[in-house]
Structure formats: C-alpha cells, structure tokens
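To start, the structure itself, in structure tokens.
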Amino acid sequence: MIKVLFVCLGNICRSPMAECIFKNIVKKDGIEEKFYIDSAATSTEEIGNSMYYRAREKLQQMNIEIGNHKARRITKEDYEKFDYIIAMEEQNIINIKRIIGEDRKNKIYKLLDFTKNPRNIADPWYTGDFDKTYNDIVQGLEGFIKYLNEKININE
C-alpha cells in the first residue's frame with residue numbers, strides 16, 4: 001500500500017483539496033485499494049476545523065467527494081507512517097522539517113515538483129482564487145501519478 005500525506009499550513013484548503021482530488025482520481029482509475037491518503041497542517045490554528053467552505057464549494061462544483069474532514073497537525077510519527085509527504089509550498093517543507101526533523105528517507109516533496117513547471121501552490125485563503133488552486137493541485141496530482149507509474153507501475 002502506498003501511503004500519501006498532503007500538507008499545507010492549516011489543513012483546511014489546499015491539503016484537504018489534494019487529498020479529496022487524489023482519492024477521486026485513484027477511485028476512478030480503480031486503484032484506490034493500493035493507497036492510503038490523508039492530509040495535515042503544519043500549524044495548530046485550524047486543528048479540528050472542517051474544510052474551508054470555499055474549498056468545499058470548489059470540490060462540490062467539480063463533483064469531488066469530500067467526506068468528513070477535520071484539520072489535524074502533522075506529527076513525527078507521520079514521517080514513519082507515510083511513504084510520501086507532499087507539501088503545497090516551500091514554506092510548508094521548512095515547517096514539516098521543524099516538526100519531524102531531518103528527511104533521512106527523502107519522503108518530502110512539493111506537489112508541483114512532479115510537473116514541468118515546479119512552483120508553489122498559492123494559498124487560496126489569502127488569494128481567494130480557488131479555481132487556480134484547484135487547477136494547480138490537479139496538475140501536480142497528474143504529475144505524481146505519472147511519477148508513480150514510472151517508478152512502480154501502479155496500474156498493474
């Protein structure tokens with residue numbers, strides 16, 4: 001089983017969007033049983049809160065199942081539990097390493113590093129642009145699936 005943790009600052013916009021979209025992708029591809037997918041925050045401000053309503057609205061608009069998300073913070077134990085810890089931006093990576101320590105096993109990535117145009121995914125809480133965030137996440141997840149297929153051929 002491939003264990004993937006998506007991480008952003010508060011775990012109410014970008015990382016739960018990535019979690020839900022990725023769950024939708026692997027379900028449509030018929031490979032959902034090969035994955036354990038979750039999301040977390042690097043901060044403590046939103047712990048226990050639901051997904052931000054604008055993020056939820058965007059996913060509903062795209063017919064993406066949401067579930068009953070509650071924000072949580074990444075833990076040191078998550079580093080051992082997950083195979084991939086995928087951040088939305090460079091600052092998330094810095095904060096993840098403050099929490100978990102050194103990335104000895106090279107598990108930490110930035111989502112858009114799996115694309116031909118590596119960059120940060122802007123926080124829509126501040127930009128208000130949930131469409132751009134959604135599109136960036138989808139682009140990153142498509143690149144991640146391609147990466148996994150080249151590395152381990154997940155469709156077999």
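Give me a count of the residues in the range 36-77 that are part of a loop (DSSP other than H, G, I, E, B) and either hydroxyl-bearing (Ser, Thr, Tyr) or touching a residue at least 60 places away in the same chain (Cβ under 8 Å) (or both).
Going residue by residue through the range 36-77, those that are part of a loop (DSSP other than H, G, I, E, B) are 42-52, 62-72, 74-75.
Adding the requirement that they be either hydroxyl-bearing (Ser, Thr, Tyr) or touching a residue at least 60 places away in the same chain (Cβ under 8 Å) (or both) leaves 42-44, 50, 52, 62, 71-72, 74-75.
Result for the range 36-77: 10.
Can you find even one residue in the range 43-59 that is closer than 23 Å to MET1 by Cα and either touching a helix residue (DSSP H, G or I) at 6+ places or on another chain (Cβ under 6 Å) or at pLDDT 95 or above (or both)?
Keep residues of the range 43-59 that are closer than 23 Å to MET1 by Cα, which gives none.
No, the conditions are met nowhere in the range 43-59.
So, in the range 1-35, of the ones that are assigned to a loop (DSSP other than H, G, I, E, B) and in contact (Cβ under 8 Å) with a residue 24 or more places away in the chain, which residue ends up surrounded by the most Cβ atoms within 10 Å (Cβ to Cβ)?
The first filter runs over the range 1-35 and keeps only residues assigned to a loop (DSSP other than H, G, I, E, B), leaving 1, 9-13, 29-31.
Filter once more, keeping what is in contact (Cβ under 8 Å) with a residue 24 or more places away in the chain: 1, 9-13, 29, 31.
Values: MET1: 7, LEU9: 22, GLY10: 21, ASN11: 29, ILE12: 26, CYS13: 26, ASP29: 12, ILE31: 16.
The residue in question is ASN11.
Among the residues of the range 122-156, count how many are touching a residue at least 40 places away in the same chain (Cβ under 8 Å), charged (D, E, K, R) and crowded, with 18+ Cβ neighbours inside 10 Å.
The qualifying residues number 1.
Could you look through the range 109-131, keep only residues that are acidic (Asp, Glu) and outside any helix (DSSP H, G or I), and pick out the one that is farthest from the chain's Cα centre (by Cα)? Please lay out each step first, then the result.
The initial filter retains those residues of the range 109-131 that are acidic (Asp, Glu), namely 113, 123, 129, 131.
Now restrict to residues that are outside any helix (DSSP H, G or I): 123, 129.
On the way: ASP123: 13, ASP129: 18 Å.
Applying the filter and picking the extreme gives ASP129.
Filter the range 73-121 down to residues that are charged (D, E, K, R) and in contact with a Leu (Cβ under 7 Å, 6 or more places away or on another chain) and give me whichever is surrounded by the most Cβ atoms within 10 Å (Cβ to Cβ). Write out each step before concluding.
So the first thing to find is which residues in the range 73-121 are charged (D, E, K, R), and the list is 73, 76-78, 80-81, 83, 89-90, 97-98, 102-105, 107, 110, 113, 116, 119.
Add one more test, that the residue is in contact with a Leu (Cβ under 7 Å, 6 or more places away or on another chain), and what stays is 78, 119.
Working: ASP78: 20, ARG119: 14.
Out of the qualifying residues, it is ASP78.
What do you reckon, is TYR134 within 16 Å of GLU19 (Cβ to Cβ), within 16 Å of the chain's Cα centre (by Cα) and in a helix (DSSP H, G or I)? Even if it seems obvious, please write down each step before you answer.
Numbers: within 16 Å of GLU19 (Cβ to Cβ): yes; within 16 Å of the chain's Cα centre (by Cα): yes; in a helix (DSSP H, G or I): yes.
It is true that TYR134 is within 16 Å of GLU19 (Cβ to Cβ), within 16 Å of the chain's Cα centre (by Cα) and in a helix (DSSP H, G or I).
The values are calculated or read from the model by the stated rules, or taken from the named source; none is laboratory data. Please read these numbers as outputs of a predicted model, since none were measured by experiment. Here the Cβ is made from the backbone with ideal geometry for all residues, glycine too, and neighbour counts use every protein chain on show.
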